[in-house]
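The block underneath contains the structure these notes are about, expressed in structure tokens.
The values are calculated or read from the model by the stated rules, or taken from the named source; none is laboratory data. Fair warning: this is a prediction, and the values are worked out from it, not measured in the lab. We place every Cβ from the backbone using ideal geometry, glycine too, and count neighbours over all the protein chains shown.
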Amino acid sequence: MRQIADLPDLDFNSADYVAAPFATLAAHGQKWPLARSARGVEILDYDLCRKAVLDRQLGTGHPKLMNVLGLPEGRPLNYKRQSISFHNRGPRRRDLRLPLARLMGPEGTETFRREVDGVVQRVIEAIPKGEPTDLIETLCDPTPSAVYCYWMGAPFEDAAFVARTSHSVQKVHTRNPEFAEEIINAFEALIDFAEARIAACRAAPGDNLLTDLIKAEEAGQLDEDDLRNWVIKLAEANTDNSSHQIGIAVIELASRPEVWARLGRDPSLVPAAVREVMRYHPRTISTSREAMEDMVIADVAIPKGTPVFANIGATHWDERYYAEPETFDIDRTDEPPHLNFGGGIFSCIGRYAVTMEVEQVISHLATRYPNLAVEDHGFTHSPMFTSVSRLVARLQ
Ligand code: HEM
């Protein structure tokens, strides 16, 4: 059996990774199923990643993440400790997820399709037409944060606050203590927001997700803290990830005029196109776990406490799983599902909702703006995420 020290190094700061992240990860993955990086052990093979996200010996990586950031005692750390992120497999995690998994599962998501579509259309209406516009400001951030406001029965004026705080709290994944203060301040603001929102919604219930969550609490499925923590967690997980994935989708699809034209003529192709975007250029490059006990992965001894990363980015560009993976092809069939949303009992709660949201954005843009021109864009790829750093486009 081999040890972690025997594994090849994977350097996320290398020129190769910066220039061509997915090709670089896949090239490693085709040679070695595992590698070691500055942050822990990287799993680079599709089947091993699928196994890892379901593996009972691998638990949440969030407690270690908070240690790395050095978050002090206080409301934000308490929130984190109580929230779903700190819970490992077991009845408590299952019970916490259950109401959300129901409300945001495939059927639950259908119940708010029409309203989400209305939000998407409102946001698109407000974008300046025929001139260059910063789509991060006018589309990517406002769409998911306004959807969150709809879910929470909040006024749409709160969307900018939601987007800003979500971007800040997601900086936990940078593992950089320099961001600790920004993260704490954003969590403090989100905690206040959640408490005020719940009180307002109790006083005036509506036809929205928060009212349904309050009903779940009243039925004893969640306690008061769980309810508050879910309101915060949804803001935390929703806006930042969805904003970047919307930007990636617009860039990858609108920059290919033949694909954009096909989508405009036949929007029934949009779900396949969005699936291909999430394979070819996923927001999620890796998802974190920690070894709960001494264990073995691919004949390598992994001691208890080791941070382990399912490196989804490597698997999506592996030709053993996807034919010509570097080719963007919305007509792919019979290939394994993408892993953009992780898996198992830790999988993304919002995956159906956000997939629907991205599809609606693309359908409306492709049908109404067949000549949409991406004039400038930029990406950054951390070990964890793809981020859209610039996106200027002209809607025409
Ligand atoms: C395209 C946008 C999104 C991406 C790429 C994404 C990706 C992910 C990933 C990779 C995980 C971890 C899965 C794992 O470790 O196995 C996750 C967890 C989670 N996501 Fe998302 N997500 C997105 C949008 C959303 C939205 C819209 C929501 C809620 C409305 C949401 C709520 C959550 C929650 C609550 C968790 C934690 C689940 C748990 O610990 O049990 N996400 N997401």
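Of the numbered conditions (1) away from the ligand (no atom under 13 Å from the Cβ); (2) within 22 Å of residue 38 (Cα to Cα); (3) charged (D, E, K, R); (4) buried (at least 17 other Cβ atoms within 10 Å of the Cβ), residue 289 fails exactly one; give the number of that condition.
Status for residue 289: all satisfied but (1).
Is there any pair linking a residue in segment 216-228 that is under 15 Å from residue 94 (Cβ atoms) to one that is part of a loop (DSSP other than H, G, I, E, B), with Cβ under 8 Å and at least six apart or on different chains, and which?
Sorted first by the residue in segment 216-228, then by its partner, the pairs are 216/222.
Just give me the residues in segment 1-26 being in a helix (DSSP H, G or I) and not hydroxyl-bearing (Ser, Thr, Tyr), in sequence order.
If the condition is that a residue be in a helix (DSSP H, G or I) and not hydroxyl-bearing (Ser, Thr, Tyr), then 4, 5, 6, 15, 16, 18, 19, 21, 22, 23, 25, 26 are the ones that fit.
Checking the condition surrounded by fewer than 21 Cβ atoms within 10 Å (Cβ to Cβ) and outside any helix (DSSP H, G or I), which residue from 118, 130 passes?
Of 118, 130, the one residue that is surrounded by fewer than 21 Cβ atoms within 10 Å (Cβ to Cβ) and outside any helix (DSSP H, G or I) is 130.
With the requirement that a residue be of a type in the set (A, V, I, L, M) and either surrounded by 23 or more Cβ atoms within 10 Å (Cβ to Cβ) or within 14 Å of the ligand (Cβ to nearest atom) (or both), what does segment 312-343 give you?
Matches in segment 312-343: 312, 314, 339.
Please tell me if residue 163 is within 15 Å of the ligand (Cβ to nearest atom) and either touching a residue at least 24 places away in the same chain (Cβ under 8 Å) or assigned to a helix (DSSP H, G or I) (or both).
For residue 163, the condition - within 15 Å of the ligand (Cβ to nearest atom) and either touching a residue at least 24 places away in the same chain (Cβ under 8 Å) or assigned to a helix (DSSP H, G or I) (or both) - is met.
Which of the residues that make up segment 259-286 are within 14 Å of the ligand (Cβ to nearest atom) and either assigned to a loop (DSSP other than H, G, I, E, B) or farther than 27 Å from residue 23 by Cα (or both)?
Result: 281, 282, 283, 285, 286.
Tell me which of these residue 66 doesn't satisfy, since it passes every other one: (1) modelled with pLDDT of 95 or more; (2) away from the ligand (no atom under 14 Å from the Cβ).
Here residue 66 meets the rest and fails (1).
The conditions are (1) out of contact with any Ser or Thr (no Cβ under 7 Å at 6 or more places or on another chain); (2) outside any helix (DSSP H, G or I); (3) closer than 26 Å to residue 84 by Cα, and residue 50 fails exactly one of them. Which is it?
It fails just one condition, (2).
What are the pairs with Cβ atoms under 7 angstrom where one residue, in segment 338-356, is touching a residue at least 60 places away in the same chain (Cβ under 8 Å) and on the phi > 0 side of the Ramachandran plot and the other, located anywhere, is in a loop (DSSP other than H, G, I, E, B) and within 6 Å of the ligand (Cβ to nearest atom)? Sequence gap at least six, or different chains.
From segment 338-356, the pairs are 342/348.
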